[in-house]
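The values are calculated or read from the model by the stated rules, or taken from the named source; none is laboratory data. Please read these numbers as outputs of a predicted model, since none were measured by experiment. Every residue, glycine as well, gets a Cβ built from its backbone with ideal geometry; the counts of neighbours run over all protein chains shown.
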Amino acid sequence: MSEIIRFRGVEKAFGAKVIYRGLDLDVRRGEVLTILGGSGVGKSVMLKLLIGLLQVDAGEIFFDGEDITKMNERQQSLVRRRIAMLFQGAALFDSISVGENVAYGLEEHFRHSMSRDAIAERVAWALGLVGLEGIEEMRPSDLSGGMRKRVGLARAIAVRPEVLLYDEPTTGLDPINTARVNHLIMGLQRKLKITSVVVTHDMGSAFTISDRLAMVHSGRIIAQAPKEEFRRLEDPRVSDFITGHAPVQEDVETLLNA
């Protein structure tokens, strides 16, 4: 299985706070890779670096063989057509309808190549895939937390991406909606044949949906393996994180600096 994404020697800091100090990671085409790590280690930063919302301080990020850190805005826009992201909290616009929210990426990237009818058809298709047929005219404020997540997912898949990034997809959801979102992630993987990168604190979800897992610690990837092998890793930083028996160092630093 070939790599579609590669991080090589990536460094990133915000002032004195160092997030990455030589991050190396491969994401294989067609897999579900889950990124684990304590609060404040930069898991979400990794996703934002990939889609150009943040810039690296050093290092390279390759998408399908091209170094996105050297791309101009027009080239990055073309990459964003191929990579979609489900933001934490879904990040819906409350001032517009559900249908308009789902159409947002289509309007941004394909307004010159898709008719209004084609966009409406794609919106209906995406909402149908997440089990929310016919709610185009509703407002996000009328939806439950679980429904908002699913609308955010519909917006992400509406552009037919090759890669889908999930930032804490089950945070704040009850067990039923968590199971529903996990089922959607796995179902979309099968139906759409996409590559998924998931950031989560939810260990149950991680071991349910993932093909492989990778753990961030002290600015680097310290472990990565298929999920059944990952469970058996003897590194205490990994086993303690999985079981919750002890906090990893970044969590301690976060608590002390809060």
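Looking at Gly152, Gly99, Gly128, Gly146, just one residue is without any contact (Cβ under 8 Å) to a residue 12 or more places away in the chain and of a type outside the set (S, T, N, Q), and that residue is Gly128.
Within the stretch 192-230, if we keep just the residues that are more than 19 Å from the chain's Cα centre (by Cα), closer than 30 Å to Ile157 by Cβ and surrounded by fewer than 17 Cβ atoms within 10 Å (Cβ to Cβ), the residue that is modelled with the highest pLDDT turns out to be Glu229.
Candidates Ala179, Ala158: the one that is of a type in the set (A, V, I, L, M), under 16 Å from Ala90 (Cβ atoms) and either touching a residue at least 12 places away in the same chain (Cβ under 8 Å) or surrounded by fewer than 18 Cβ atoms within 10 Å (Cβ to Cβ) (or both) is Ala158. Looking at the stretch 105-120, which of its residues are assigned to a helix (DSSP H, G or I) and over 13 Å from Arg160 (Cα atoms)? Passing the criteria: Glu107, Glu108, Arg116, Asp117, Ala118, Ala120. When Asn177 is tested against (1) touching a helix residue (DSSP H, G or I) at 6+ places or on another chain (Cβ under 6 Å); (2) modelled with pLDDT under 90; (3) not in a helix (DSSP H, G or I), exactly one condition is not met: (3).
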